[in-house]
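What follows is a single structure, written as structure tokens, with notes after it.
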Amino acid sequence: MKVNALLLAGPSDSVAAGRLKKILAVFGVECAQMTVTEFLTAGTGEKLRVLCAAATFAELVAALAKDAEAANAWSNRAHSVFVMADGNPDALAMVAQGITGSSSIVPAAGVDWQVTDALPEFCQVMSGLPATALTENPTSVLALDAAASKAVKIIFNHSGAAFVQGEFRSVPVYLSTGGLLDVDAPLSGRVFDLKQHFLSAVPVVLYVKWALAETCWQAPETAACLVIDDPLLRPRHGFLKYQHLLDLMERVNFSTSIAFIPWNWNRSTRKIVRMFKDNPGRLSLSIHGCDHTGGEYGSRNRDRLAWKSRQAIQRMGRHQAKTGLAHDPVMVFPQGVFSGAAMSALKHEEFIGVVNSEVISADPPARPVTVADYWNVAVMNYSDFPIFTRRYPKAGVENFAFDILLGKPCIVVTHHNDFHDDYRYLVDIMEKLNKLNTRLRWTNLAEVVRRSFRQREIVPGTVEVELYASEARLENMSAKKKLFRISKREAAPDTIKEIRAGSTPAKWAAADNRIAFEIELGPGESRTIAIAFRENNVSAYPGETLKYRVKAMVRRYMCDVRDNYVLRKSYSQ
């Protein structure tokens, strides 16, 4: 892998330099580090993507002004520069004036921001988006002279620009007045909310994904799906009417996975089952717990969790045998609650991954999940089994867009009561997602999981792939044969039963908590990778007691009464 990212930093930049290195590492980018003096005396080589603090860039500008030879070589050595504010207002003002031609530093105000639509290649999926920054406003922004300045405002509001594109000696310079997020810090809440970190996260990620596109990890596509938790397969469940939903999917363009409770395996109606069979590109089933009792997957009893996971699979098998309707081997945890033991149990059954709103387990004490963990395609902190994150529409389109920018899938979650307004809430978010500056592949949840990995072409004809789920669908969309070098995080390789590429067993090796193997794909060829793990031993658990089974039954019927009568009546009042 070529090293074409350069961090310019002196001794005083240790905090900023450390944070930049961690962000680059999230995207798999190698980074060299030099002082300004070292940079000026180094050879030319590849055009570098330079990242630095404002004071360091000011030092570079001053040094180039005294060195004609280095100044003349500057445009040949630098592809572009990312400059961030560093708490030095004088340096920030000097850099801003130098790259924009005419600007002043003014206090920042307001929480509503806009991403420009004038740079669609740079801004990618964030292009043209309004966004909210609830905290971490920069202390200052740039007020540009519209008549004299040639700079482009990338992120701005009524008080000024927090992120701009300017130029220094024919090299584009991207200046952010915001801080820089520490991606090694634990999540400040249950999820990563971009609104809390908008100006410390978006500018640097936009730059890295644009300037280092050929070096950093990329998602081959963005798979998307709406997940509706709990409903039975009956013409109506609460505010959900399946025919109305199907009409909306056709009109607006999206797909839906019903997170189906296995306890309900014998309660589906023929009419709705037929609707699912007739519309497999729009409607599908995933697995929502087993009995859907309170926090059932938050248990730490490994034997019980193994038995319960097998029971969920068997019940869905009965549902399929009775109705002929297939299901996706993807778990959605009831109430989002899970334990580390639950993740291990699922891994050793037929599940290929988890889709969940929560990423912090119920185990005391809670295991820390960092921002970098969350920014990954899937959270892999529990038994190296993936949690693909989903969001409620209230998170705002900017959170979905940023997930896509990171390379994560686009998964929306709702419940039937979200449709009490005649589906306007749902249609609004779906229309916004479909208007993003990207192409979404709306599909079922299993395909979302299989298609969510990251890759990069390290040399012509050789593609490096990092997997997350137990299954993945690889495609060679080029006109030439390619070698795919595949790896996956796996600390317990001895639990792997086999790995197959299509129908062919794959030879694999394990080292440094990872497994690795290779396959070749011809032009236009695709193949499904499947990793099978040794099954759980469920004989140690005798099954649930009669008292538990009665409680589970009562809960299910009472939930139906709540959804179909109590909630509907409460919204009508």
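Label positions at A109 and M477, each projected 7 Å from the Cα along the C-beta direction, are separated by 4.6 nm.
Measuring against 28 Å, Cα to Cα, the residue pairs K47/K150; K150/K209; K209/K435 contain no pair spanning a longer distance. Per residue, the accessible area of the chain comes to 41 Å² when a 1.4 Å probe rolls over the protein heavy atoms. In terms of the mean number of neighbouring beta-carbon atoms within 10 Å, the peptides 441-449, 355-363 order highest first as 441-449, 355-363. Bridgeable aspartates and glutamates around K66 (alpha carbons under 16 Å apart, same-chain partners fewer than 8 residues away excluded): E38. Computed about its Cα centre, the charge dipole of segment 40-115 is approximately 200 debye, with only Lys, Arg, Asp and Glu carrying charge at their Cβ.
In the chain, the DSSP beta bridges split such that about 55 percent are antiparallel, to the nearest 5. Normalising the average separation of contacting C-alpha pairs (under 8 angstrom, six or more residues apart) by the number of residues puts the relative contact order of segment 348-446 at 23 percent. Here segment 390-546 has 47 percent of its accessible surface on carbon and sulfur atoms, given a 1.4 Å probe and all protein chains in place.
Projecting label points 7 angstrom from Cα along Cα→Cβ for A213 and K277 puts them 4.6 nm apart. Estimated purely from DSSP H runs of n ≥ 4, each contributing -39500 (n - 2.57), the mean residue ellipticity at 222 nm for the chain is -9000 deg cm²/dmol once divided by its residues. The order of the peptides 492-503, 156-167, 118-129 by mean Cβ neighbours within 10 Å, most packed first, is 156-167, 118-129, 492-503. Most tightly packed first, judged by the mean number of other beta-carbon atoms within 10 Å of their residues, the peptides 191-197, 102-108 read 191-197, 102-108. Of the chymotrypsin sites (Phe, Trp or Tyr not before Pro) in segment 1-76, not one is in a loop by DSSP (not H, G, I, E or B) with at most 12 other beta carbons within 10 Å. Within the accessible surface of segment 67-133, defined with a 1.4 Å probe on protein heavy atoms only, the carbon and sulfur portion equals 51 percent. In this structure, Q33 and N253 have a Cβ-Cβ separation that, at R0 = 45 Å, corresponds to a calculated FRET efficiency of about 0.45.
Stretching the chain fully between A118 and A511 yields a gain of 136.9 nm (0.36 nm per residue, less the alpha carbon separation). Across segment 331-339, computed HN-Hα scalar couplings (Karplus, 6.51 cos²θ - 1.76 cosθ + 1.60, θ = phi - 60°) run 8, 10, 6, x, 6, x, 8, 7, 10 Hz from first to last residue, x flagging Gly and Pro. Of all DSSP bridge pairs formed entirely within segment 452-504, close to 50 percent run antiparallel.
The values are calculated or read from the model by the stated rules, or taken from the named source; none is laboratory data. Everything quoted here is computed from the prediction, not taken from an experiment. Ideal geometry is used to build each Cβ from the backbone, glycine not excepted, and the neighbour counts take in all protein chains shown. Please note that ligands, DNA and RNA were not included when accessible areas were found on the heavy atoms of the full protein model with its side chains. Shrake-Rupley method; radii C 1.70, N 1.55, O 1.52, S 1.80 Å.
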